[in-house]
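> The following block contains the structure, expressed as structure tokens.
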Amino acid sequence: MFEHVDIYPGDPILTLNETFIADPRAGKINLGIGVYLNEASKLPVMGAVLKAETALLANPGIRPYLPMEGAPSYRKQVQRLLFGADAPALAEQRVATAQTVGGSGALKVGADFLAAYFKQAEVWICDPTWDNHRAIFAGAGFTVHSYPYYSAAIQHVDFAAMQAALNAVPAGDIVVLHACCHNPTGADLSEAQWRELAKTISSRKLLPFFDIAYQGFGGGIDADAFAIRHFVAEGIPLLVASSFSKNFSLYGERCGSLSIVCDDAQEAANVLGQLKAAIRRNYSSPPTHGARIVATVLENPELAADWSGELDAMRGRIQAMREGLYAQLRALRPERDFEYLIKQSGMFSYTGLTVAQVRKLREESAIYLLESGRVCIAALTRETLAPVAAAIAKVLD
Ligand code: LMR
């Protein structure tokens, strides 16, 4: 019956993570998957999360099915975080928000919704982008194209090429944008460039779909939401997929959301209805636990302040690792330019290492990077900096 089923070649991120786990070598270092580790090389349990979870455990309550669109308290907090507590679009009730199974779930529900209501549209993703973007949109039936984004020559965004390409995209097409902490490159647009891009998107009548999986890891909660808030202020209809995996360290709880900013409350109500239909077709309704943790933290001013302070510290640690790796590599290979490490932002940097060099790091030093050359800076520690820098310096030509 199943003879014709193909072998799964694996996922460039999740399968590599499985390979890492199975690697028996002591001292192996995982800089592949995008997770934040603390100085002890462990996934942190944030203090605010622990307090919220302890409170929930003391009063566990019943576990009914959540509504298809998720828990109201969670959805409200998500909106405040993404759009700003005082956003007029929220007061006008023109944002449809659904709780989803992680950021991937948000992209999938969004893609299904778009496939039903924007049948003529095609999807544009940046080159390079998170590996799953193409798969999710193609899987929903879209033709997926890419637009230029990162230039290895300047080790940054080639904004002129990006603008030129998007200026030629047909009206009504969907453009996927990373709101902050670009994955995989760590190279973001400046606020001035976002303003320029908003003009292009608006004049070309394109539909932006923001992916924001690292809010708080770039410049802070509000700074990282700049692009989304600016586009909303400019009156541009848009979609946003968000995730609490990283900024709450709640990876396995699969806490995400999808928001669609509409023209008015009636449109938003209709859109939310169709999101519910898409969710019902996929998984009926989202899980309770992670959403209860997030809502408990964000609804309580004291816990929210604790969380925000912890997030600031995580961001500071990532920055220290960037600077540390930069300093060590510069000392080891002074003839080379590592400026990109301190110019890039968020969890990742794009090292420019080739597939052969990445494989050599894995085989000879048990150091795992993605084969694209993406390194997860947020998984480095003061202890691993020196061996990682030495191994990278050694594999460079
Ligand atoms: C990553 O990019 O490594 C993370 O977002 C994890 C994932 O699901 O790919």
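> For residue 166, what is the net charge nearby, where nearby means another residue's Cβ is under 10 Å from its Cβ and Lys, Arg count +1, Asp, Glu -1?
Neighbourhood net charge equals 0.
> Quick check on region 78-192: of the DSSP beta bridges with both residues there, what percent are antiparallel, nearest 5%?
Once the DSSP bridges in region 78-192 are tallied, antiparallel ones form about 20 percent.
> Moving to a separate point now. Could you order 3, 335 by accessible surface area, starting with the largest, using a probe radius of 1.4 Å?
So, going from the largest accessible area down, we get 3, 335.
> Skipping prolines and chain starts, which residues have an amide H placed within reach, meaning under 5 Å, of the one on residue 156, given they are 5 or more residues away or on another chain?
Amide H to amide H, under 5 Å and 5 or more residues apart or across chains, residue 156 pairs with 151.
> For residue 100, enumerate residues with amide H under 5 Å from its amide H, sequence gap 5+ or separate chain, H modeled in the peptide plane.
Here the answer is 256, 257, 258, since their amide H atoms fall under 5 Å of that of residue 100.
> Shifting gears a bit: Using label points projected 7 Å from each Cα along Cα→Cβ, tell me how many nm separate residue 270 and residue 354, to one decimal.
5.5 nm
> By the gyration tensor of its Cα atoms, with a ≥ b ≥ c the square roots of the eigenvalues, what is the shape of region 147-202: rounded for a/c under 1.5, prolate for a/b over b/c, or oblate?
Taking the square roots of the gyration eigenvalues as a ≥ b ≥ c, region 147-202 is prolate.
> Sticking with this one: When the Kirkwood hydrodynamic radius is evaluated over all pairs of different C-alpha atoms of region 240-375, what value in angstrom, to one decimal, is obtained?
Every distinct Cα pair counted, the radius reaches 18.9 Å.
> Hey, another quick one. Let me check I've understood the local charge: for residue 349, count other residues with C-beta under 10 angstrom from its C-beta, Lys and Arg +1, Asp and Glu -1. What total comes out? List each step's numbers first, then the result.
Values: positive: 322, 343, 374; negative: none.
Result for the neighbourhood of residue 349: +3.
> Based on the Kirkwood radius over alpha-carbon pairs, what value in µm²/s does the Stokes-Einstein equation return for the translational diffusion coefficient of the chain at 25 °C and 0.890 mPa s?
Estimated via Stokes-Einstein, D reaches 112 µm²/s.
> Once ligands and nucleic acids are excluded and a 1.4 Å probe is used, how much of residue 359 is accessible, expressed in Å² to the nearest 10?
About 100 Å², ignoring ligands and nucleic acids.
> Counting only protein heavy atoms and using a 1.4 Å probe, what share of the accessible area of the chain belongs to carbon plus sulfur, as a whole percent?
That share works out to 55 percent.
> In whole Å, what is the distance between the alpha-carbon centres of region 338-397 and region 124-172?
24 Å
> Also: Nearest 5 percent is fine: what portion of the DSSP beta bridges confined to the chain is antiparallel?
On the way: 18 of 36 bridges.
Rounded to the nearest five, the antiparallel share is 50 percent.
> How do 253-263, 90-100 rank on mean C-beta neighbours within 10 Å, highest first?
Ranking the peptides 253-263, 90-100 by packing returns 253-263, 90-100.
> Work out the charge dipole of region 58-195 with +1 on the Cβ of Lys and Arg and -1 on the Cβ of Asp and Glu about the Cα centre, then indicate which of 103, 132, 175 is farthest towards its positive end.
Looking along the dipole axis, the top candidate is 103.
> Using the per-residue mean of other Cβ atoms lying within 10 Å as a proxy for protection, in what order, highest first, do the peptides 212-225, 18-31 fall? The partial results should precede the final answer.
Values: 212-225: 22.0, 18-31: 13.1.
Those peptides, ordered most packed to least, come out 212-225, 18-31.
> Something else now. Could you tell me the relative contact order of the chain? Use alpha-carbon pairs under 8 Å, at least six residues apart, and round to a whole percent.
Computed value for the chain: 26 percent relative contact order.
> May I pose another question? When the Karplus curve 6.51 cos²θ - 1.76 cosθ + 1.60 is applied with θ = phi - 60°, which whole-Hz ³J(HN,Hα) does each residue of region 387-397 get, with x for Gly and Pro?
Couplings: x, 5, 4, 5, 5, 5, 4, 6, 7, 5, 4 Hz.
> Let me ask something else about it. Rounded to the nearest whole Å², what accessible area per residue is found for the chain with the 1.4 Å probe?
Value returned for the chain: 44 Å² of accessible area per residue.
> A further question on this structure: Once ligands and nucleic acids are excluded and a 1.4 Å probe is used, how much of residue 323 is accessible, expressed in Å² to the nearest 10?
Accessible area, nearest 10 Å²: 90 Å².
> Arranged from highest to lowest average of other beta-carbon atoms within 10 Å per residue, in what order do the peptides 180-193, 155-168 appear?
Packing proxy ranking, top to bottom: 180-193, 155-168.
> Quick one: grab the alpha carbon gyration tensor of region 80-195, order the square roots of its eigenvalues as a ≥ b ≥ c, and give me rounded if a/c is under 1.5, else prolate or oblate depending on whether a/b is larger than b/c.
oblate
> Here's something else I'd like to know. Per DSSP H run of n ≥ 4, the term is -39500 (n - 2.57); total these for the chain, divide by its residue number, and report the mean residue ellipticity at 222 nm rounded to 500 deg cm²/dmol.
Working: 16 runs with 186 residues, N = 397.
Estimated from H runs of four or more residues: -14500 deg cm²/dmol.
> Now for a separate question. Just subtract the alpha-carbon distance of residue 299 and residue 39 from 0.36 nm times their residue separation and send over the number in nm, one decimal.
90.7 nm
> In addition: Taking the Cα centre of region 274-389 as origin and charging only Cβ (+1 Lys, Arg; -1 Asp, Glu), how large is the dipole, in debye to the nearest 20?
About 520 debye.
> HN-Hα J couplings of region 77-85 from phi, Karplus 6.51/-1.76/1.60, θ = phi - 60°, integer Hz, Gly and Pro as x?
5, 4, 4, 5, 5, 7, 9, x, 4
> I'd like the Karplus ³J(HN,Hα) series for region 197-204: coefficients 6.51, -1.76, 1.60, θ = phi - 60°, whole numbers in Hz, and an x wherever there's a Gly or Pro.
Karplus values, whole Hz, x for Gly and Pro: 4, 4, 5, 4, 4, 5, 5, 8.
> Still on this structure, I have one more. Assign one of three labels to region 178-224, namely rounded, prolate or oblate, based on the Cα gyration tensor with a ≥ b ≥ c the square roots of its eigenvalues; rounded applies when a/c is under 1.5, prolate when it is not and a/b is larger than b/c, and oblate otherwise.
Prolate is the answer for region 178-224, as a/c is 1.5 or above and a/b outweighs b/c.
> So what are region 341-397's ellipsoid semi-axes, whole angstrom, largest first, if each one is the square root of 5 times an eigenvalue of the alpha-carbon gyration tensor?
17, 14, 10
The values are calculated or read from the model by the stated rules, or taken from the named source; none is laboratory data. Predicted model, so just to flag it, every value in this text is computed and none were measured. Virtual Cβ from ideal backbone geometry, glycine too; neighbours counted across all protein chains shown. These accessible areas exclude ligands, DNA and RNA; they are computed on the full protein's heavy atoms, side chains included. Shrake-Rupley method; radii C 1.70, N 1.55, O 1.52, S 1.80 Å.
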